[in-house]
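Engineer: Below you will find the structure I want to go over with you.
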Amino acid sequence: MAKIHVTTTINGEPTEFLCEPQQTLLDVLRDELRLTGSKEGCGTGDCGACSVTFDGRLICSCLALGAEAEGHEIETIEGMAEGENLHPLQQKFLEHAALQCGVCTPGILIAAKALLEKNPDPSESEVRYWLAGNLCRCTGYDKIIRAVLECAADMRGA
Amino acid sequence: MNALTYASPGSVDEAVKLLAAADGNARLLAGGTDLLVQLRLGMIEPSLIIDVKNISEMTAIKEENGGFRIGASISGAALGEHAGMQRAWPGVVEAVALIGSTQIQGRATMGGNLCNASPAADAVPAMIAADALCTIAGPDGRREARVEEIVTGPGETSLEAFEMVVDFFFPARPARSGDAYLRFIPRTEMDIAVVGAGVSLTLDEAGVCTAARMALGAVAATQLVVEDAAKALIGSTLDGAAMEKLDSAARAACRPIDDKRGTIEHRTKVAGVLARRAAAIAKQRAEG
Amino acid sequence: MASENQELKWIGTSPVRPDGTDKVTGRAKFGADLMLPGMLTGKILRSPHAHAKIKSIDTSKAEALPGVKAVVSAADIAEMPSEWVPAGELQLNYRDLASNIMARGKALYDGHAVAAVAATSAAIADAALDLIAVDYEVLPHVIDVEEAMAPDAPVLHEDMFTEGVTPTPDKPSNIFKEIDIGIGDVETGFAAADLIVERSFKTAPVHQGYIEPHAAVASFAEDGQAELWCSTQGHFTARAYCAKLLGMDVSDLRVTASEIGGGFGGKTTVYVEPVALLLSRKAGRPVRVVMTRDEVFRASGPTSGAANWVKIGVTNDGKIVAGEAVLKYQAGAFPGSPVQPGCMCAFAPYDIENVKVKGYDVVTNRPKVAAYRAPGAPIAEHAVESVLDEVAKKLGMDPIELRQKNAAREGTNAAYGPKFGPIGYAETLAAAKAHPHYSAPLGPNQGRGVASGFWFNVGGDSCATMNVSEDGTLVLATGSPDIGGSRASMAIMAAETLGIDVADVRPIVADTASLGYTFLTGGSRVTFATGMAVIEASKQIAEELRQRAAKIWDISVDAVVWEDGYAKPAGANAGDFEPLSIGDIAAQAGKTGGPISANAALNAQGAGPGFGTHICDVEVDPETGRVTVLRYTAIQDCGKAIHKAYVEGQIQGGAAQGIGWALNEEYIYDEKGRLDNPGFLDYRIPVASDLPMIEAVIVEVANPTHPYGVRGVGEVPIIPPMATVANAIEGAIGVRMTELPMSPPKVLAALDNGR
Ligand SMILES: Cc1cc2nc3c(=O)[nH]c(=O)nc-3n(C[C@H](O)[C@H](O)[C@H](O)COP(=O)(O)OP(=O)(O)OC[C@H]3O[C@@H](n4cnc5c(N)ncnc54)[C@H](O)[C@@H]3O)c2cc1C
Ligand code: FES
Ligand code: FES
């Protein structure tokens, strides 16, 4: 099987990798680049645990091929904090206990960040619908939604 | 093991050539939200995947003669951001927006939704109600077809060998026109339609319906164009009696199945309900 | 030292969890995140048939495929005698566990593991699975519990003769066991009743739905010692099961619990762990096995579906005089449904003189059930709480008042045996009644329901080790995998007990070689039982610190007290010394006797029973049957909330799972007995937009056996929702739904037929 050589940008870093044609972007991130922060909860687009942004758009990395990354910009959870500084959403999730087991958390943070970049003042219902593709089985979503809303308010104030 | 390869052509011609060269073992990859699931589940074993997202004419939205030409590989998210389409065809835009989650929206396309040929595809009834056209490219050049003619059965289309959809055309609308799409799912998101109903209509100045199209999804092997439903609306002001007629016409058209997503009884009833509700929204939009 | 009477500094607050940063940055390592040099990918071949004899398995072609390093099947596991051992709140039989890991002789459900391979890549492993030839003889199958009980049903196990009946039947059947519990005489009770309501109910099997699939990495050394990394609720129990299945000495297997992406009971047993070990032993290389989501649904344990019947008799003034129930739970392919706890819980919240409950444990061609939050209780209590609602309506009595009239209290004899100690059921009912939600106005097509739930909670074996570092900070090791923030609670209890800053305690989850046996995270036991070990270890440390201070000051130990994180002279007579902090003492540890360390090992008894009462408002679309949950309030007696936010989180999460169980979740089988919805798209767990905020109200009636009054929290909240939602739907549409899930087709049909 001929491997494909891909040149891309991941979390702002120029990155090259080799992948098999059927390998998904998630497979590449996890198995080739060892960026295991993106999780596989289903592999079929249903849970959002693998969420990344692709040229700024939120997608499921399990539903993109690694080969598709050529020439594009990918952001993963590993790129969310800036150096020692957590992103305000990361900080808010900690303060609000918006995670229990934490396996959904990377995907939800990536998704929430994409939301706030597009809509800095979302309503509760907008947050809920935006995050509907990110399953969380532990929290009942309550604290997650509150954390996102409060973070949005803080960021608007700042 | 399948020796899969990946190609990312820059033009439709090139894509068609690749399709033809692979002799039936190639699959087009648009958003991949159907294709990659099928690949993972072992439902398909292509030897070539042709990514059609790097073909510029397939990822563009253009205004043309008062209508809109929309590339078949435009993501739902990108379409949703287009103000012109939102204004002219809110029903189509909302149908596409219903496909999957925000993440799925980042990838899923109208072309994929149509060509995957699921009876439950959300964009399709709305496109049929809109009487959208599509451009099809193949080894013998290009042709135009009505979207209504494409899906012929679950997973089956009228596309000929090595043909592909390039774009969709939504014609200019007369004044006082509106469209709407509603679907029923058990949850609020992340479900496949149990029933879908698209309505597009035009009113005269007195509020009488002069033209209407109505399509149902997920209640038969393909989307259904319900002529009797349109007839029930045309000539009426969408009063109670007309809505009742619409409701029965929609129900009468249904040929659903019992499956994990719904029952015959429930689907049939809800088809009538959604037809009415969608028509009411379309009317409101037509009234402006 | 702090006690429950003293003012508390940390308990009841919500500090940021010590493992939090790793979890918001993607650094935390879950089951599938470990990669070892030379690691192989393991994959499992599964039966496509619901019930089939395995005539032969030919693995030769797979073995010959380049890149394949090992192939295993049931032949690689020694046959086990039937032997029941405790597993969480349920029992587990080693013979059945072995046959569940790898089908022996027969495949008993769609998805039953038949063989496994380890190869150098996932693609090669997949190809190898395709090359394994299994010759099946397909047998008739049975999915429904009542059909499985019919005399002419296909029999799963030819050697199963119903237990619990005399004489033992001479024909095998699918009924593994009959259970009878009760007190008093229900005939007399019903004779005294003014009103009797009885109904039959059905509940669907539902999956725990943890987002992280089962995952394990095994690495065997040539000398027979092995390491296992896995996503589990109990690495000590996983070690016990795996060692048994592989015929290893327990101490030769070192198990590390990865971070765990949810369990809810479903990760209290083993599936891929022994397979990874078998493959690694054969291949001589590390092997990782990760389930796909499809495998999780098809082959890991949901909880039982059931067919239940409940009858309740009351007097006109609302006193329950008799309660009777018949509970038929399907166990999946092997015996061991949670029908026993179901029988015990059914009427437990109420003080009833006459109770009779009969239970059946029935095998069917489905995956073997696993524990799921309060196993068995939600299924039984759904029926009882639904009938109670009907009783209240027929009596014209407020449903909370009816419950208050009959609520179990301290001193009540529970139908399942014991006399209750201090319990907080009545307190949750009073809080529900007083809550503004209960009296808020409702709109058209809206209804409000209330229902309650009871769960025992458990204690059991736990260890804690505490080491004081040179700078006076502490490392606290326990053996309880942390699924929902328990490390934070452990740190809080240690800090409270020692009077130090919670940030000075670094709690970790230690592997099986580093700590004594600790029973699994389940039964709502960790904060209670492991918490007791932590408190015990903290007390030992405080005691040691006193001794060290006494040495430094050269006075008698009796003259030193440990107070607010400092060693202080006990009084003026003891001498005039500056208080010594833990850091001061740690700095001189070498001179005063060496490292300061404590280890507590205990078997915690006296878990406090938990009660909850939920209120829910729904709106029903009368034209489509869709039910929208508008408002939800969950009230629970937690004894004492250690970390307030994580207690609320447990309540909210449990309620959300219950709402899913109530409205949409179910296993759907096709006519061949194949699971038709093994994915999140069609197995419909609640998404964010399906739910409102869930208000968690904590009531605290201290459990006297725990130093801070802790009761378990995690399980009770999944019990009330099914009846709460059903009662709310009844309020909205006037029709009683008796079958779960109450999905739109069923609600619409009920509306059309019921009115
Ligand atoms: C989690 C999830 C939720 C979903 N929810 C919904 C939903 O709510 N409603 C809904 O309708 N669907 C849903 N889907 C299905 C899917 O997202 C849609 O059908 C989507 O529109 C497919 O578009 P795509 O671009 O991703 O198609 P792809 O997967 O790229 O392609 C689909 C098929 O069409 C073919 N194809 C693609 N482009 C062309 C072309 N230009 N010419 C000819 N053939 C072409 C492909 O070869 C393939 O066979 C969901 C899927 C997932 C994973
Ligand atoms: S793993 Fe990609 S959506 Fe679940
Ligand atoms: S915190 Fe466990 S799935 Fe969200």
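The values are calculated or read from the model by the stated rules, or taken from the named source; none is laboratory data. As the structure is a prediction and not an experimental result, all values here were calculated from the model. Glycine gets a Cβ as well: all are built from the backbone with ideal geometry, and neighbour counts include every protein chain shown. Heavy atoms of the whole protein, side chains included, go into the accessibility calculation; ligands, DNA and RNA do not. Shrake-Rupley method; radii C 1.70, N 1.55, O 1.52, S 1.80 Å.
Engineer: Could you compute how much accessible area chains B and C hide from each other, both sides summed, with a 1.4 Å probe? Nearest 100 Å² is fine.
Structural biologist: 2200 Å²
Engineer: In a shell of Cβ-Cβ distance under 14 Å around B:Ala172, excluding B:Ala172 itself, what net charge do Lys and Arg (+1) and Asp and Glu (-1) give? Before the final figure, lay out each step's value.
Structural biologist: On the way: positive: B:Lys62, B:Arg69, B:Arg87, B:Arg173, B:Arg176; negative: B:Glu63, B:Glu64, B:Asp131, B:Asp179.
That works out to +1.
Engineer: As an exercise, use a Förster radius of 35 Å and the Cβ-Cβ distance of A:Asp121 and C:Lys202 to find the FRET efficiency, rounded to the nearest 0.05.
Structural biologist: Step by step, r from the Cβ atoms, then E = 0.15.
Engineer: Still on this structure, please answer the following. Using alpha carbons only, how many degrees (0 to 90, rounded to 10) separate the axis of helix B:240-253 from the longest principal axis of chain B?
Structural biologist: Tilt of helix B:240-253: around 40 degrees.
Engineer: In addition: Leaving ligands, DNA and RNA out of it, work out the accessible area of B:Arg27 with a 1.4 Å probe and give it in Å² to the nearest 10.
Structural biologist: Using a 1.4 Å probe on the heavy atoms, I get roughly 100 Å².
Engineer: Report the local net charge at C:Asp194: Lys and Arg +1, Asp and Glu -1, summed over other residues whose C-beta lies under 11 Å from its C-beta. Don't jump to the answer; show the numbers that get you there.
Structural biologist: Details: positive: C:Lys319, C:Lys394; negative: C:Asp317.
Spelling it out: positives minus negatives among the neighbours equals +1.
Engineer: Taking all protein chains as present, what is the carbon and sulfur share of the accessible area of the protein assembly as shown, in % to the nearest whole number, probe 1.4 Å? Please list the in-between numbers first.
Structural biologist: Values: 19810 of 40570 Å².
Carbon and sulfur: 49 percent of the exposed surface of the protein assembly as shown.
Engineer: Which order do the peptides C:588-599, C:643-654 come out in when sorted by mean C-beta neighbours inside 10 angstrom, highest first?
Structural biologist: Per-residue mean Cβ counts within 10 Å order the peptides as C:643-654, C:588-599.
Engineer: Sorted by mean Cβ packing within 10 Å, highest first, what order do the peptides C:434-442, B:184-192, C:605-613 take?
Structural biologist: C:605-613, B:184-192, C:434-442
Engineer: Tell me, what is the 1.4 Å probe accessible area of C:Phe236, in Å² to the nearest 10?
Structural biologist: Spelled out: C:Phe236, probe radius 1.4 Å, area about 0 Å².
Engineer: Give the interface area between chains A and C as buried accessible surface, both sides summed, probe 1.4 Å, in Å² to the nearest 100.
Structural biologist: That pair of chains buries around 4000 Å² in total.
Engineer: Label point 7 Å out from B:Ile44 along Cα-to-Cβ: which residues of the range A:4-26 have amide N under 20 Å?
Structural biologist: A:20-26
Engineer: Next question, about the same structure. Projected onto the charge dipole of the range C:104-166 (+1 at Lys/Arg Cβ, -1 at Asp/Glu Cβ, origin at the Cα centre), which of C:Val114, C:Pro140, C:Ala150 gives the Cα projection farthest towards the positive end?
Structural biologist: C:Val114
Engineer: A further question on this structure: Give me the angle, in degrees from 0 to 90, between the Cα long axis of helix B:264-287 and the longest principal axis of the Cα atoms of chain B, rounded to the nearest 10.
Structural biologist: Helix B:264-287 sits at roughly 80 degrees to that axis.
Engineer: Which order do C:His157, B:His266 take by accessible area at a 1.4 Å probe, largest first?
Structural biologist: C:His157, B:His266
Engineer: Please enumerate, by chain and number, the lysines with C-alpha under 20 Å from the C-alpha of B:Lys231, excluding those fewer than 8 residues away in the same chain.
Structural biologist: B:Lys245, B:Lys269, B:Lys283
Engineer: With every protein chain left in place and a probe of 1.4 Å, what is the accessible surface of C:Arg95, to the nearest 10 Å²?
Structural biologist: Its heavy atoms expose roughly 90 Å² to the probe.
Engineer: Further question on the same structure: Any idea how far apart C:Asn445 and C:Ser514 come out in nm if each label point goes 7 Å out from Cα toward Cβ?
Structural biologist: The two pseudo-label positions are separated by 5.6 nm.
Engineer: What is chain C by shape, rounded, prolate or oblate, if you read a ≥ b ≥ c off the alpha carbon gyration tensor as root eigenvalues and call it rounded for a/c under 1.5, prolate for a/b larger than b/c, and oblate otherwise?
Structural biologist: In terms of gyration-tensor shape, oblate.
Engineer: On a straight-distance basis, which lysines could pair with C:Lys591 in a cross-link, Cα separation under 18 angstrom, same-chain partners fewer than 8 positions away excluded?
Structural biologist: C:Lys551
Engineer: For the pair C:Glu163 and B:Asp258, what calculated FRET efficiency results from E = 1/(1 + (r/R0)^6), where r is the Cβ-Cβ distance and R0 = 35 Å, to the nearest 0.05?
Structural biologist: For B:Asp258 and C:Glu163, the calculated efficiency is 0.35.
Engineer: Apply the a/c threshold of 1.5 to the C-alpha gyration tensor of the range B:5-51 and tell me whether it is rounded, prolate or oblate.
Structural biologist: Because a/c hits 1.5 or more and a/b fails to exceed b/c, the range B:5-51 counts as oblate.
Engineer: Here is a further query. Take the alpha carbon gyration tensor of the range A:1-48, find the square roots of its eigenvalues, order them as a ≥ b ≥ c, and report rounded if a/c is under 1.5; if not, report prolate when a/b exceeds b/c, else oblate.
Structural biologist: Working: a/c = 2.32, a/b = 1.30, b/c = 1.78.
Cα axes put the range A:1-48 in the oblate bin.
Engineer: What distance in nm lies between label points placed 7 Å from Cα along the C-beta direction at C:Ser60 and C:Asp170?
Structural biologist: 4.6 nm
Engineer: Let me ask something else. In straight Cα distance, which lysines are under 21 Å from C:Lys202, not counting same-chain residues fewer than 8 positions off?
Structural biologist: Here the lysines satisfying the reach criterion relative to C:Lys202 are B:Lys260, C:Lys177, C:Lys311, C:Lys328, C:Lys356, C:Lys358, C:Lys368, C:Lys746.
Engineer: Quick check on chain C: helices-only [θ] at 222 nm, where DSSP H runs of length 4 and up contribute -39,500 (n - 2.57) each and the sum goes over total residues. Nearest 500, please.
Structural biologist: Counting only the DSSP helices, I get -8000 deg cm²/dmol.
Engineer: Roughly how far apart, in whole Å, are the Cα centres of the range A:1-22 and the range C:72-125?
Structural biologist: Rounded to whole Å, the Cα centres lie 38 Å apart.
Engineer: Here's something else I'd like to know. Under a 1.4 Å probe, what is the accessible area of the range A:88-157 per residue, stated in Å²?
Structural biologist: So the range A:88-157 comes to 29 Å² accessible per residue, rounded to a whole number.
Engineer: Under a point spin-label approximation (7 Å from Cα along Cα-to-Cβ), what is the B:Glu156-A:Arg156 distance to one decimal in nm?
Structural biologist: Here the modelled spin labels are 5.4 nm apart.
Engineer: Hey, another quick one. Helix B:12-21 against the longest principal axis of chain B: what's the angle in degrees, Cα atoms only, rounded to the nearest 10?
Structural biologist: The two axes meet at around 60 degrees.
Engineer: Let me confirm one metric for peptide C:619-625, namely the mean number of other chain beta-carbon atoms within 10 Å of its residues' beta-carbons.
Structural biologist: Per residue, the average neighbour count from other chains is 4.
Engineer: Another one. So how strong a dipole does the range C:259-362 carry about its Cα centre when Lys and Arg Cβ are +1 and Asp and Glu Cβ are -1, to the nearest 20 debye?
Structural biologist: On the way: 12 positive and 9 negative charges, 117 e Å.
Dipole of the range C:259-362, to the nearest 20 debye: 560 debye.
Engineer: Let me ask something else about it. Evaluate the charge dipole of chain C about its Cα centre and quote only its size in Debye, nearest 20, assuming +1 on the Cβ of each Lys and Arg and -1 on the Cβ of each Asp and Glu.
Structural biologist: Magnitude of the dipole: close to 700 debye.
Engineer: Between B:Glu149 and C:Ala221, take the C-beta separation as r, use R0 = 45 Å, and let me know the FRET efficiency to the nearest 0.05. All intermediate terms of the calculation are to be shown ahead of the outcome.
Structural biologist: Details: r = 66 Å, r/R0 = 1.46.
It comes out at approximately 0.10.
Engineer: Still on this structure, I have one more. What is the distance in Å between the Cα centroid of the range C:459-513 and that of the range C:363-402?
Structural biologist: Each part's Cα centre sits 37 Å from the other's.
Engineer: In what sequence, largest accessible area first, do C:Lys551, C:Lys368, C:Lys356 appear using a 1.4 Å probe?
Structural biologist: Largest accessible area first, the residues go C:Lys551, C:Lys356, C:Lys368.
Engineer: Counting helices only, and only those DSSP H runs with n ≥ 4, report the 222 nm mean residue ellipticity of chain B as the sum of -39,500 (n - 2.57) divided by its residues, in deg cm²/dmol to the nearest 500.
Structural biologist: Dividing the helical sum by the residues of chain B leaves -9500 deg cm²/dmol.
Engineer: Using amide H atoms built in the peptide plane, which far-off residues or other-chain residues are under 5 Å from C:His51 H to H?
Structural biologist: Amide H neighbours of C:His51: C:Leu139.
Engineer: Give the accessible surface of chain C per residue, rounded to a whole number of Å², with probe radius 1.4 Å and ligands, DNA and RNA excluded.
Structural biologist: Here the per-residue accessible area is 32 Å².
Engineer: With every protein chain kept in place and ligands, DNA and RNA left out, what is the accessible area per residue of the range B:60-170? Probe 1.4 Å, answer in Å².
Structural biologist: Here the residues of the range B:60-170 average 33 Å² of exposed surface.
Engineer: In Å², nearest 100, what accessible area do chains B and A bury in total when the solvent probe is 1.4 Å?
Structural biologist: The buried area between B and A, both sides summed, comes to about 2300 Å².
Engineer: Run lengths n ≥ 4 of DSSP H only: what is the helix-derived mean residue ellipticity at 222 nm for chain A, with -39500 (n - 2.57) per run over all residues, to the nearest 500?
Structural biologist: About -8500 deg cm²/dmol.
Engineer: So how do C:572-579, C:169-176, C:110-117 stack up, highest first, on mean other-Cβ count within 10 Å?
Structural biologist: C:110-117, C:169-176, C:572-579
Engineer: Using a 1.4 angstrom probe with every protein chain in place, what is the largest-first accessible-area order of C:Thr120, C:Thr497?
Structural biologist: Solvent-accessible surface, decreasing: C:Thr120, C:Thr497.
Engineer: Would you mind giving the mean number of other chain beta-carbons within 10 Å of the Cβ of each residue in A:14-27, as a whole number?
Structural biologist: Taking all residues of A:14-27 together, the mean is 3.
Engineer: Find the relative contact order for the range A:88-157 and round it to a whole percent, using C-alpha pairs within less than 8 Å whose residues are 6+ positions apart.
Structural biologist: 51 percent
Engineer: Considering only DSSP states other than H, G, I, E and B, which GluC sites (Glu not before Pro) in the range B:114-171 qualify as loop sites with at most 12 other Cβ atoms within 10 Å?
Structural biologist: For GluC sites (Glu not before Pro) across the range B:114-171 that sit outside H, G, I, E and B with at most 12 neighbouring Cβ atoms in 10 Å, the list reads B:Glu160.
Engineer: Enter the mean number of other protein chain beta carbons within 10 Å of the beta carbon of each residue in A:48-60, as an integer.
Structural biologist: Mean number of neighbouring Cβ atoms from other chains: 5.
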